[in-house]
Amino acid sequence: MGIHFGNLERVRHVITYSLSPFEQRAFPHFFSKGILNVWRRFSTQVFRVVPPFVAAYVIYSWGTEEFERLKRKNPADYENDE
């Protein structure tokens, strides 16, 4: 009855491998090696990632405080208004 939708084109020289979901192990060595691996990756990257975020936070907080300070009126300009 014709070609099925998944088999519309014949691809040559391409090898695909698949493994049944029932044969896979979802979390192999998760507790024995996984936590240590996460800590190793975190400790090597933390000094590369955190400083830009800290600098951006400091600049943003300084900018918002400076904006709020400059937005206020100077009370010394209005001392003799009566």
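Of the residues 32, 18, only one is outside any helix (DSSP H, G or I) and hydroxyl-bearing (Ser, Thr, Tyr); which? Quick ask: steps written out before the conclusion?
Numbers: 32 fails: outside any helix (DSSP H, G or I).
Answer to the selection: 18.
I need the full set of residues from the range 37-82 which are assigned to a helix (DSSP H, G or I) and among the basic types (Lys, Arg), in order please.
40, 41, 48, 69, 71, listed by residue number.
Each reported figure results from applying straightforward, stated rules to the coordinates on display, with no laboratory input. Quick caveat, the model's predicted, so the values are computed rather than measured.
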